[in-house]
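The values are calculated or read from the model by the stated rules, or taken from the named source; none is laboratory data. All of these numbers come straight from a predicted model, not from anything done at the bench. Backbone-built Cβ (ideal geometry, glycine too); neighbour counts: all protein chains shown.
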Amino acid sequence: MLNTLRKIVQEVNSAKDLKTALGIIVLRVKEAMGSQVCSVYLLDPDTNRFVLMATEGLNKRSIGKVSMAPNEGLVGLVGTREEPLNLENAADHPRYRYFAETGEERFASFLGAPIIHHRRVVGVLVIQQKERRQFDEGEEAFLVTMSAQLAGVIAHAEATGSIRGLGRQGKGIQEARFVGVPGSPGAAVGRAVVMLPPADLEVVPDKTVEDIDNELNLFNNALEGVREDMRKLSAKLAAQLRPEERALFDVYLMMLEDAALGGEVIEVIKTGQWAQGALRQVVGEHVSRFELMDDDYLRERASDVKDLGRRLLAYLQEARSQSLVYQDNTILVSEELTPAMLGEVPEGKLVGLVSVLGSGNSHVAILARAMGIPTVMGLVDLPYSKVDGIELIVDGYKGEVYTNPGEVLRKQYGDVVEEERQLAQGLDALRELPCITPDGHRMPLWVNTGLLADVARAQQRGAEGVGLYRTEVPFMINQRFPSEKEQLAIYREQLQAFHPRPVTMRSLDIGGDKSLSYFPIKEENPFLGWRGIRVTLDHPEIFLVQARAMLKASEGLNNLRILLPMISGIHELEEALHLIHRAWGEVRDEGTDVPMPPVGVMVEIPAAVYQTRELARQVDFLSVGSNDLTQYLLAVDRNNPRVADLYDYLHPAVLQALQTVVSVAHEEGKPVSICGEMAGDPAAALLLMAMGFDSLSMNATNLPKVKWMLRQVNLSKAKELLADAMSHDNPQVIHSSLQLALKNLGLARMIGPGANKTL
Ligand code: PEP
Ligand code: MG
């Protein structure tokens, strides 16, 4: 059964549109189950009716014509109950409704299963049989499994159609809406540029080109490149492989011939498709043909073809890499956006970001917030490889994207963009004013930085220091580990820019979702794996070079503070402190005269919460990383869009942990700040101030909003809000009572569009 399922899903996946996909589904399911009828009904959201979209066995002329409301017929019943229905004689059921045009009166038994995608019923899959009989348990299980598998495929095929401007029935429609999660607030209207990870054939978009000869040239050069590589590889392995094993390379070479794959790609390019798109298409066809074969050996050949495809693509992409054109109002779209990708778009051209994977807590979203770029993450249903060049609206508040927006929507969002601009101008006036509550409580607001661009933004917005400089960012946009000298130059720039204000530099925090292309870490569970301080303690050479570069960079400035990430206990802290002292001794021996900087730990692992006292005794300051602390306390992956709803820094457990850290740190006489995204949320910032945090560190974009909020609310009032929040056990109640309280204070302005996502 698994094999049959796999084959059907693969075949459906390679269908060119929804209609073809549904046609394949009904044909193959009917065959596999040996039934006389198989039909698919899809729920049309506009009319709220289940429409017959494909059938084998019923009258095909009724396709698109027969439909029923959710309270009509057996199909409506399956859809509303969200459960399969298995009937020996359908006509006996009180909900049975007869449609003369389908010819269905000939079929007695009925088995229907709902098709559900992300909790939403999208349709119903039905099989029918002439003779009266109950379908057995095995058949029912098969249909349920089939429809669960097909739900995603149908949603995807449907979305692809709507992107091309086609509705369910193939009619033109204006716009389509895709729902993800908010990544960075703001709205943007622009054109999509799809950026691909290197050599990933499956995600190459379709693109038509004028200059066919140029594409043919590119492809022929790629062919030659791969041929040459194959010959070299074969020669290199001559000593280790027997001649018959090396024959594999000859097979590869043959596949590249004109009469085989190579020739087919050339034919597709001649129709006007760019070389990369033609390659994807031809390789895809070959791969699915191989994968459908029953013979294990032949099935394995699919991976050879894929490999060849990837090799050819790598050559083609090399030729392309300089020629990507970024227009004004570029919206960068990728399966998984990376910080390096952000750096590739020329300044001033980028207005929005869309990522299929990841959530609001991914590092790329954090960077986007720092740069003030509206972003939507986790847009899992977007067939992103098809959107290159089309117009998009990015709504970073709601986490939604519209493709091909119509006039009305474009105007509406154009107005939001303009309002945003005006609001930002108003907040600029706050720059020179101190962050002080009406009852005189002073709260230092610091920034989180990573890119050099953050420095200018931070200064424009009146930051009083750097609470977190993510040193991994310059590492990530490099092609190798930066040398001590290179690091020294980068760090000095940060320290100088903010001098005499403090700059908190965190030691390299890679692993988790932050990987270096030149130091790959592959793990099943990266967030519970080799991350942060664990990596650098295992590689003291990396840690020492970094610490030395930081210390030397601070010569004559003395505004450096060093922060250690992912500390889970005293043993790690002691080792790290030992290395810092060693680096300090070394640079002083070399003649650089710097004092020992203050050193702090991040509290971002639950174990550190319970060891706050012990940790505080050994360091000069503490800084809470609420992004990771929330993730680890709630066991919710900060990047997984499926559980993004559960990720909540106003959860009572998180609030209690934060309060504990502040109280214990203060008992030990040590200052404590917070540098997670929570600090940049104006409403949450009130609670953090009331808890007693000594400073808040956030992205530069949100800093003026937080300052505006804190300047409106007395510390005593904030303490009341905190007491109220801490009295509830339900996160939803905490959200709504905080929202209501702020509304009653007339502070709704900062909790609607323009603020973070909390409320
Ligand atoms: C945090 O975890 O809250 C934090 C500030 O660090 P990062 O987001 O870089 O993991
Ligand atoms: Mg962290």
Any hit, segment 626-635, residues being more than 16 Å from ligand 2 (Cβ to nearest atom) and not in a loop (DSSP other than H, G, I, E, B): no
Checking Val376 against (1) touching a Pro at 6+ places or on another chain (Cβ under 6 Å); (2) away from ligand 1 (no atom under 13 Å from the Cβ), the condition it does not meet: (1)
Pairs needed: first member in segment 617-630, hydrophobic (A, V, I, L, M, F, W, C); second member anywhere, outside any strand (DSSP E or B) and within 10 Å of ligand 2 (Cβ to nearest atom); C-beta distance under 8 Å; at least 6 residues apart or different chains. Val624/Glu604; Val624/Cys675; Val624/Gly676; Leu629/Glu604; Leu629/Ile605; Leu629/Gly676
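Yes or no, residue by residue, for (1) in contact with a Leu (Cβ under 8 Å, 6 or more places away or on another chain); (2) part of a helix (DSSP H, G or I):
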{"position": "His666", "(1), (2)": "no, yes"}
{"position": "Ala679", "(1), (2)": "yes, yes"}
{"position": "Ser697", "(1), (2)": "yes, no"}
{"position": "Val713", "(1), (2)": "yes, no"}
{"position": "Glu720", "(1), (2)": "no, yes"}
{"position": "Ala723", "(1), (2)": "no, yes"}
{"position": "Ile734", "(1), (2)": "yes, yes"}
{"position": "Gln739", "(1), (2)": "yes, yes"}
Given Thr612, Thr630, which one is at pLDDT 95 or above, in contact with a Leu (Cβ under 9 Å, 6 or more places away or on another chain) and hydroxyl-bearing (Ser, Thr, Tyr)? Thr612
Taking segment 687-711 and keeping residues of a type in the set (Ser, Thr, Tyr) and modelled with pLDDT of 95 or more leaves Ser695, Ser697
So, in segment 477-514, how many residues would count as being away from ligand 2 (no atom under 15 Å from the Cβ) and either under 27 Å from the mean Cα position of the chain (by Cα) or aliphatic (A, V, I, L, M) (or both)? 11
Give me the residue from segment 600-625 that is part of a helix (DSSP H, G or I) and of a type in the set (D, E, K, R) and, out of that set, farthest from ligand 1 (Cβ to nearest atom). Arg617
Screening Gln494, Gln460 for residues that are crowded, with 19+ Cβ neighbours inside 10 Å and either more than 16 Å from ligand 1 (Cβ to nearest atom) or not hydroxyl-bearing (Ser, Thr, Tyr) (or both) leaves only Gln494
Those helices (runs of 4 or more DSSP H) lying entirely in segment 1-114 with at least 1 residues among the basic types (Lys, Arg) and at positive phi: none
Residue among Leu528, Leu537, Leu557, Leu564 that is surrounded by fewer than 23 Cβ atoms within 10 Å (Cβ to Cβ), under 29 Å from the mean Cα position of the chain (by Cα) and modelled with pLDDT of 95 or more: Leu528
Please specify each residue of segment 376-412 satisfying the condition of being among the aromatic types (Phe, Trp, Tyr) and farther than 14 Å from Pro185 by Cβ. Tyr384, Tyr402
Quick one: which of Ile521, Ile580 is of a type in the set (Val, Ile, Thr) and either under 21 Å from Gln496 (Cβ atoms) or more than 16 Å from ligand 1 (Cβ to nearest atom) (or both)? Ile580
For segment 498-507, which positions are part of a loop (DSSP other than H, G, I, E, B) and surrounded by 23 or more Cβ atoms within 10 Å (Cβ to Cβ)? Ser507
Scan segment 523-534 and report the pairs whose first residue is over 15 Å from Gly569 (Cα atoms) and whose second residue is within 12 Å of ligand 1 (Cβ to nearest atom) and in a loop (DSSP other than H, G, I, E, B), with Cβ atoms within less than 6 Å and a gap of 6+ or a chain change. Pro526/Gly512; Phe527/Gly512
In segment 542-599, how many are hydrophobic (A, V, I, L, M, F, W, C), away from ligand 2 (no atom under 16 Å from the Cβ) and assigned to a loop (DSSP other than H, G, I, E, B)? 3
